[in-house]
Amino acid sequence: MSDLGSEELEEEGENDIGEYEGARNEAGERHGRGKARLPNGDTYEGSYEFGKRHGQGTYRFKNGARYIGEYFRNKKHGQGTFIYPDGSRYEGEWANDQRHGHGVYYYVNNDTYTGEWFTHQRHGQGTYLYAETGSKYVGTWVNGQQEGAAELIHLNHRYQGKFLNKNPVGPGKYIFDVGCEQHGEYRLTDMERGEEEEEEELITVVPKWKATKITELALWTPALPKEPTSTDGPGQEGPGAESTGEPGEEAQALLEGFEGETDMRPGDEDADVVREESREYDQEEFRYDVDEGNINSEEEETRQLDLQD
């Protein structure tokens, strides 16, 4: 998460020693559009005013770095993009040759910072995205460090709390995507040191999380609107009768830690047996009725013949 803020490349001042090709004013100063090659090998192409870089221009360093943006009396000022020798770059506002205002820094490891800057450092509200993990810090910065209220967002959970010198400190909470929260606090403790390190003044502070409570899983059961029908009567349940505010079977299973397939619920086996026996019973009654109907038909024909005789 480092940048070249403390190693900013200095531009050499303009003077008549370097080569210049372009417009001049009546006093012979560089004024208007022009190109210059400075004694140290850097080059500048852009606008001048009274002998100084002023307005839009491009400054190229001999080591490959370059600045494309606005100038004010030889200073980077306004909107501009600085591309550093390692390939990282800053796009945003400048003031008095420093990153100042709102801007985006693209780091060589593909991390990015988008937010406020003050005298060349991350300062104010900003978001830092960690390219390797996809996590991001959204919150307050002070003199380049993560400090103040913030949210550290991960792929399936996030932490909300306060930070001090890049470390979480004090009360906070973890919020998980499944719908529960873990509340607690971070306590700063000193890292254990060996005997050979006892004489050193440097103390490494390690934040340790202590959970105090975990909120219950919040389940939501949608209430279906009731559609009145003519067949509804006392004691009959309509389409919305199941929405009583109580958790459904699936929700209840989750609350009780139930695991496994929910297709076959307790009692389904007995219900299948009853249904099968019912079907067999119905078939027997149907066969019985048919046979009985045939017997009645033969008796009727016999009676008709007897009457005819």
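The values are calculated or read from the model by the stated rules, or taken from the named source; none is laboratory data. Predicted, not measured: the structure shown is a model, and the values here were computed from it. Here Cβ is always computed from backbone atoms with ideal geometry, including for glycine, and neighbour counts include all displayed protein chains. Accessible surface areas use protein heavy atoms only, side chains included; no ligands, DNA or RNA. Shrake-Rupley method; radii C 1.70, N 1.55, O 1.52, S 1.80 Å.
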Check your understanding: Considering only residues of the stretch 149-184 that are among the aromatic types (Phe, Trp, Tyr) and touching an Asp or Glu at 6+ places or on another chain (Cβ under 8 Å), which is surrounded by the most Cβ atoms within 10 Å (Cβ to Cβ)?
Key -> Phe163
Revision key, fill the gap. Going through the stretch 105-157 in order, the residues found to be at pLDDT 95 or above, under 14 Å from the mean Cα position of the chain (by Cα), in a loop (DSSP other than H, G, I, E, B) and among the hydrophobic types (A, V, I, L, M, F, W, C) are Ala131
Check your understanding: Looking only at residues in the stretch 26-58 that are polar (S, T, N, Q) and at pLDDT 95 or above, which one is surrounded by the most Cβ atoms within 10 Å (Cβ to Cβ)?
Key -> Ser47
**Study point:** Scan of the stretch 158-193 for residues that are within 18 Å of the chain's Cα centre (by Cα) and charged (D, E, K, R), ordered by number
**Key:** Arg158, Lys173, Asp177, Glu181
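Has the stretch 163-172 got any residue that is assigned by the TED database to the domain that holds Leu129, of a type in the set (Val, Ile, Thr) and at pLDDT below 95? Break it down stepwise before answering.
First, the residues of the stretch 163-172 that are assigned by the TED database to the domain that holds Leu129: 163-172.
Checking the rest, the ones that are also of a type in the set (Val, Ile, Thr) come to 169.
Going one step further and asking which of them are at pLDDT below 95, we end up with 169.
The answer is yes, given that some residue of the stretch 163-172 is assigned by the TED database to the domain that holds Leu129, of a type in the set (Val, Ile, Thr) and at pLDDT below 95.
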Practice item. Working carefully through the options Gly64, Gly101, find the one that is outside any loop (DSSP other than H, G, I, E, B), free of Cβ contacts under 8 Å to residues at least 40 places away in the same chain, open to solvent by less than 70 Å² (accessible area, probe 1.4 Å) and out of contact with any Cys (no Cβ under 6 Å at 6 or more places or on another chain). Key: Gly101
